[in-house]
1. List the relative contact order of region 285-414 as a percent without decimals, with contacts defined as Cα pairs under 8 Å and 6+ residues apart.
2. With the other protein chains left in place, how much accessible area per residue, in square angstrom, belongs to the chain at a 1.4 angstrom probe?
3. Which links in Lys53/Lys257; Lys135/Lys397; Lys240/Lys448; Lys215/Lys441 stretch past 29 Å when you go from one Cα to the other?
4. Taking K and R as +1 and D and E as -1, what net charge do the other residues with C-beta under 12 Å from the C-beta of Ala151 add up to?
5. Under the rule of -39500 (n - 2.57) per DSSP H run of 4 or more residues, summed and divided by the residues of the chain, what mean residue ellipticity at 222 nm is obtained, to the nearest 500 deg cm²/dmol?
6. Antiparallel versus total DSSP beta bridges in the chain: what percent is that, nearest 5?
7. Between [x] 9; [y] 29; [z] 17, which matches percent of Cα pairs over 44 Å apart calculated for the structure shown?
8. What percent do you get for the relative contact order of region 395-489 when only Cα pairs under 8 Å and 6+ apart count?
Amino acid sequence: MAHITLSISNVDSITTDVLVVPLLKGAKDAPASPVGLSSLEESFTAVKASGAKGALTTIPAPAAYRAHAIVGVGLGAEALEDVTCEDIRYAFGSASRTLTGHTSIALAFPAASEAHIAAALEGAALGAYAYGEYKSDLKDDQKPVEEIVLAVADKKELKALEGAANRAEKIAEGVHIVRDLVNTPPNLLYPDSFAKRAKELTKKLPVTIEVLDEKALADGGYGGIVGVGQGSTRPPRLVKLSYAPKRAKRHVAFVGKGITFDSGGISLKPGAGMDEMTMDMGGAATVLAATVTAAALELNVNVTTFLALAENLPGGGAQRPGDVVTMRNGKTVEVLNTDAEGRMVMADALVDAAALEPDLLIDVATLTGAAIVALGNRTAGVMGTDDAREEVWEASKAVGEPMWPLPFPEELREGLNGRVADLSNIGERPGGALSAGIFLKEFVGETKWAHVDIAGPAFTQKAFGYSNVGGTGMSMRTLVEVIEREAAK
């Protein structure tokens, strides 16, 4: 994890491997220009630098500079006032992500607002990531940046930006927790080991943790979690985390889908691409990391988090299509498709979360391929009660994580009626992402609740901006933003 340092220095006096400077697009047929650094304008003009969003241009450092090289990164606009914070995160994240092999980078962003500088720090920290845990020959040029230095003008500016630097570092740490968990191979991350990782991540924080094993789950009536996990030799777990600062007046509850590997069970998935199902615990990783980040930032909100963990395999004891299970709240569900397992484990955990009567309940899950069909690979769907859906959507826009609100059409509910049970675990194929959300709605009562389907954006096969190939950590920052907004109420 890269460490962020603020340095009272002139840009040209910082000793660093690479100095990163932002570039504005020129008007038609005009060259890009560095923001606030006219001394470098001629050099970038000479190489016809691009100011397109995330475009990188490297030039040798002039003799007056102590950097080994200078990289210009495009902001995608002709004027700084037209640049969004997400444009800046994307740009500086693109730079740090591609500058593997360099120990340190320095950021030069004179004349920018505090919000823009905070975004630059966050983007650079997010991009400084590479997963090489199981590469025995990881080369130096594949290792991520370790230190990010920001040049500031004086003590006043340094003091003003200390909080932003700390927040950016903690946010990036949280996102990297998600990425590490998602990228961990499924033979090494399974329900019990995931629970142990949760304990390790919270042991130095004011967070309590409770783990229900397979016996406690069976005794407690968690039919959804038990049913999904019964085909694996590695039994399921339900992990409950509690962060409760003394003066907190608001309470947010999270539930995360934690299918540590999803074969589809008896309703077996096609072999092509099944390896990506190592990421089906992305929702649990997200809500765990959000809880860790809230505690690390000492946010004044009670946070209760449930990780619904199971491995969905077609072993001899696996549940069958046609089975009926009794859920935590007593409702019965016909399992028509064992590959619709996420909603089953989530439903049990949602019952417990709703029973706490939080001010806001949010679940996060890589729930449906239908959400990818509807929204593509980079946009999450957000559903639920109108007020909660709006709150999460507004938070997502503030942090630059693309989400889109989706409805719960009344006519889809009828398709979830079971033939021999209260509910079936799938409805009609059209509107599959919506039907999954409507299924979950049966388990939250009257709670203010939002359901976030991150099936598309939780994992990427193509690096972009501050996201490397693999787990992205998408939606973790939105959850932290929601907690911060709740703290301000």
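The values are calculated or read from the model by the stated rules, or taken from the named source; none is laboratory data. Here the structure is a predicted model, which is why all the values come from computation and not from measurement. Quick reminder, even Gly has a Cβ in these numbers, built from the backbone with ideal geometry, and neighbours come from all protein chains shown. Note: areas computed on protein heavy atoms with side chains; ligands, DNA, RNA excluded. Shrake-Rupley method; radii C 1.70, N 1.55, O 1.52, S 1.80 Å.
1. 16
2. Here the per-residue accessible area is 40 Å².
3. Those over the limit are Lys53/Lys257; Lys135/Lys397.
4. -2
5. -10500 deg cm²/dmol
6. Roughly 40 percent of the DSSP beta bridges within the chain come out antiparallel.
7. [z]
8. Relative contact order of region 395-489: 30 percent.
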